[in-house]
1. Please work out which residue is farthest from A256 (Cα to Cα), limiting yourself to the range 177-215 and to residues that are free of Cβ contacts under 8 Å to residues at least 12 places away in the same chain and assigned to a helix (DSSP H, G or I).
2. Do you know which residues across the range 238-268 are over 16 Å from I179 (Cα atoms) and in contact with a helix residue (DSSP H, G or I) (Cβ under 6 Å, 6 or more places away or on another chain)?
3. Please specify each residue of the range 150-167 satisfying the condition of being small (G, A, S), at pLDDT 85 or above and touching a Leu at 6+ places or on another chain (Cβ under 7 Å).
4. Which numbered condition in (1) outside any helix (DSSP H, G or I); (2) at pLDDT below 80 is the only one that S147 fails?
5. Restricting to the range 233-285, what's the tally of residues that are outside any helix (DSSP H, G or I) and of a type outside the set (A, V, I, L, M, F, W, C)?
6. Which one of S215, S191, S209 is at pLDDT 85 or above and polar (S, T, N, Q)?
7. Being charged (D, E, K, R) and in contact with a strand residue (DSSP E or B) (Cβ under 6 Å, 6 or more places away or on another chain) is the filter; apply it to the range 275-297 and report the residue that is modelled with the highest pLDDT.
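The values are calculated or read from the model by the stated rules, or taken from the named source; none is laboratory data. Everything numeric here is computed off the predicted structure, so don't read it as measured data. Cβ atoms come from the backbone with ideal geometry, glycine included; neighbour counts cover every protein chain shown.
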Amino acid sequence: MDSLPVQLVLLVLWLGSGAYGAHLLIQKGYKVGWIRFLAFYIAPLVAIVYLILNQLQPLNSPWPSNAPGVAANVLLVSVMILISPAILLTAYFVPSLKVNDLILLAQRRDDFARARGWLILVGLLIVSIILPLIALSLFKAAPRYDSVLSVLINGLLTGALFSLIALGYTLVYGIVELINFAHGDVFMFGSLTGFAVISFILNVKPGKSLNTNTSVVLVILSIIAALILAMLVCGTLNYLINRIAYKRLRNAPRLAPLISAIGVSFILQNIAIYLNSSTPKGYPLLFPAQGGQRNLDVVIDVFHNEESLFSFPFTAFLVVAGAGGLLLGLRYLINSTRTGKAMRAVAQNREAAALMGISIERTISFAFILGGALAGAAGVIYGVYQVQSTVRYDLGFSNGLFAFTAAVLGGIGNVNGAVLGGMFIGLVYSLSQSSFFGLSAEYLALSGWAPVAVFGILVLVMIFRPTGILGDNVQEKV
């Protein structure tokens, strides 16, 4: 009973800020009646039911006698995700629809459209980081905050890799409006190439740790060599796929290149089986901790904090440096170079770009090469970071579908949308595998439900916003 005042204050502050944000949106002329109904009527009712059950239910009661309390927990968390301070944040940024100056209103809408995706990401982070803190005081079976932080960091790192793969989908679709379903298998070939290069240079067996006397400089040079060679191999492979399978079908019905892409995917998988067999193999442990069973962890091995559930493997620095550098480099190439301007021109209007002297086929080929190179780099970074069973012929199937989901979620054809969608899907995938709020059980394998959550989001996006978060509605000419 002592924690009841704290729970009341937290719930009032959280749900109250969301309700006030809904009120501001209505004042600005937005039709958000369902949010208002949820914030003013449903949320308080759910909170009251939760508080009552939370006081009546015995502590640590077993299943299924704790079913009412668990159901109230899940319902309250769902309501708190929908009605959160993120609504208040959005209400302060969105332009008011009650403006007489139509030009000013259009300008404000454009400004908000550019910032819309990042507002969603910030809102997601608010819900993901602050909500677990509230859970420490609200729920009887709440997660430790350091475990939540670990899940979030792992989600962002995984999302960065999904973003690199998703960029290949969105670059090609933005220019030729083709979903290259073989792109995931190009990513798989990048992982296979990096594995072969690193194993050859360092002379280490799959899944084993390096010798303690191996030079760190040699390890870093082997990773750089693997990245460069994988980018060259995958860029060339994607170029050849375009020349052989897609170029002749450029003006064919859309179903023809789509079927061709699926066929190329099966061809690449069978080539990988021939080269590497169907047995999964793991990248070597390049920075082994003491005992050689895992890679070096900053929290455990550097700061010697073994009680913390928060972890940050040393290989995560490769994800941050490699993925971050490639994403920034791509942004510079597209926005500040002649080639990037040519790509944007072809994506906007292919006929007009040709009249301006831009080589359409050369630009399309470069988009395929660039997308393949990014997928190759992602394959190497993924292998070094994940280690276990990362070299297998079907690696590109699941990860390619996740990346495609990220591209669709962010807005297929939009580079910024691919990055945002990749981060979002990475967070969803990581959160789906976690055991938040004491809802996990021995008979429930949460990791098996992670793909369900990811593709469930894809279905919802296709139903309610087919253009994605940052996508624009394009009218098809008749």
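1. For the range 177-215, the residue satisfying everything is F200.
2. L268
3. Matches in the range 150-167: G159, S163.
4. So the condition that S147 fails would be (1).
5. Selection size over the range 233-285: 12.
6. The unique qualifying residue is S191.
7. Of everything passing the filter in the range 275-297, K281 is modelled with the highest pLDDT.
Conditions (1) surrounded by 15 or more Cβ atoms within 10 Å (Cβ to Cβ); (2) modelled with pLDDT of 80 or more; (3) within 30 Å of S96 (Cβ to Cβ); (4) of a type outside the set (D, E), marked per residue:
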site	(1), (2), (3), (4)
L8	no, no, no, yes
W14	yes, yes, yes, yes
A19	yes, yes, yes, yes
Y30	yes, no, yes, yes
A43	yes, yes, yes, yes
N73	yes, no, no, yes
